[in-house]
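The values are calculated or read from the model by the stated rules, or taken from the named source; none is laboratory data. Because the structure is a prediction, the values reported are computed rather than measured. Reconstructed Cβ throughout: ideal geometry from the backbone, glycine too, with neighbour counts over all protein chains shown. Just the protein is used for accessible areas: all its heavy atoms, side chains included, with ligands, DNA and RNA removed. Shrake-Rupley method; radii C 1.70, N 1.55, O 1.52, S 1.80 Å.
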Amino acid sequence: MLEIDRVTARYGPLTALRDVTLTAQAGSRIGIFGHNGAGKTTLLRCIVGAHVPASGAIRFDDRPIAAGHVPENVRRGIAFVAQGHNVFPNLSVERNLRISGLLFDMRFMQDVLKIFPVLQERRSQRAGSMSGGEQQMLALGMALMTQPKWLLLDEPSTGLAPVIVRDLMRKLREINETLGTGLIIVEQNVPATLKAVEHAVILKSAAVVFDATASELAQRSDFWQWF
Ligand SMILES: Nc1ncnc2c1ncn2[C@@H]1O[C@H](COP(=O)(O)OP(=O)(O)O)[C@@H](O)[C@H]1O
Ligand SMILES: [Mg+2]
């Protein structure tokens with residue numbers, strides 16, 4: 001379980017998260033939405049330990065996360081796919097996967113390649129020569145090499161064509177169903193993401209203004225008021 005307990009985060013005088021409280025059951029799928037600057041990325045950065053909250057607590061399986069120590073949290077099972085295609089463009093697909101799994105069990109690459117047949121086919125291709133969608137799949141595969149319990153994704157659909165976004169969301173669900181990995185997906189594309197998640201959270205001006213099931217959000221015609 002992941003517990004975010006009254007977290008406030010600041011950048012100097014600016015409050016990016018105010019008293020944010022959220023609970024995520026192991027293996028669940030959560031979408032986080034909100035306008036630009038709402039605090040979505042800051043929330044993910046706090047969970048993985050890249051930003052240290054000014055106050056509040058974040059617990060992962062009943063233990064505090066290591067604030068300010070990303071590698072320690074990754075080792076414990078929190079993987080973060082930052083915005084943009086985070087691959088080493090000049091290295092092959094396989095090399096990218098190997099580097100990500102360096103401190104973990106390399107045999108897991110077989111499972112990752114099974115989930116992403118496209119990466120199996122392109123094993124020796126230079127990562128930078130693949131399409132945007134393929135590079136995003138590689139970024140996901142790289143995150144999976146750490147065998148995470150939680151996968152945090154910051155706007156994974158950015159720059160992808162609608163049909164590729166659909167594939168991506170399907171793939172994320174498949175990862176959740178086959179490996180049991182919990183998903184926290186920050187997205188601008190609310191309709192596409194609601195097909196992949198069970199819970200929906202909306203941040204507005206640093207605070208949580210909606211926290212319910214994805215179907216409850218899908219039924220609300222007035223949710224754009226929060227954007
Ligand atoms: N490194 C930073 N230094 C100063 N302000 C920042 C920094 N990162 C983000 N902010 C500010 O914090 C607020 C929340 O940003 P962010 O979490 O990136 O929002 P979102 O991901 O929802 O667009 C915004 O006002 C943004 O300008
Ligand atoms: Mg952001």
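Assorted remarks:
- Only listed residue being touching a His at 6+ places or on another chain (Cβ under 9 Å) and either modelled with pLDDT of 95 or more or within 12 Å of ligand 1 (Cβ to nearest atom) (or both), chosen from ALA38, ALA9, ALA82: ALA9
- Summed over the stretch 63-74, residues that are in contact (Cβ under 8 Å) with a residue 40 or more places away in the chain and over 13 Å from ILE47 (Cβ atoms) total 0.
- Test: residue in the stretch 52-64 that is away from ligand 2 (no atom under 16 Å from the Cβ), over 18 Å from PRO156 (Cβ atoms), among the polar types (S, T, N, Q) and surrounded by 14 or more Cβ atoms within 10 Å (Cβ to Cβ): no
- Residues that are within 16 Å of ligand 2 (Cβ to nearest atom), open to solvent by 40 Å² or more (accessible area, probe 1.4 Å) and assigned to a strand (DSSP E or B), drawn from the stretch 16-47: none
- Verdict on HIS51 being modelled with pLDDT under 95, in contact with a helix residue (DSSP H, G or I) (Cβ under 9 Å, 6 or more places away or on another chain), more than 12 Å from ILE4 (Cβ to Cβ) and not aromatic (Phe, Trp, Tyr): no
- Cross-chain or 6+ apart pairs with Cβ under 8 Å, the stretch 191-210 first and open to solvent by less than 10 Å² (accessible area, probe 1.4 Å), then hydroxyl-bearing (Ser, Thr, Tyr) and assigned to a strand (DSSP E or B): ALA200/THR213; ALA206/THR15
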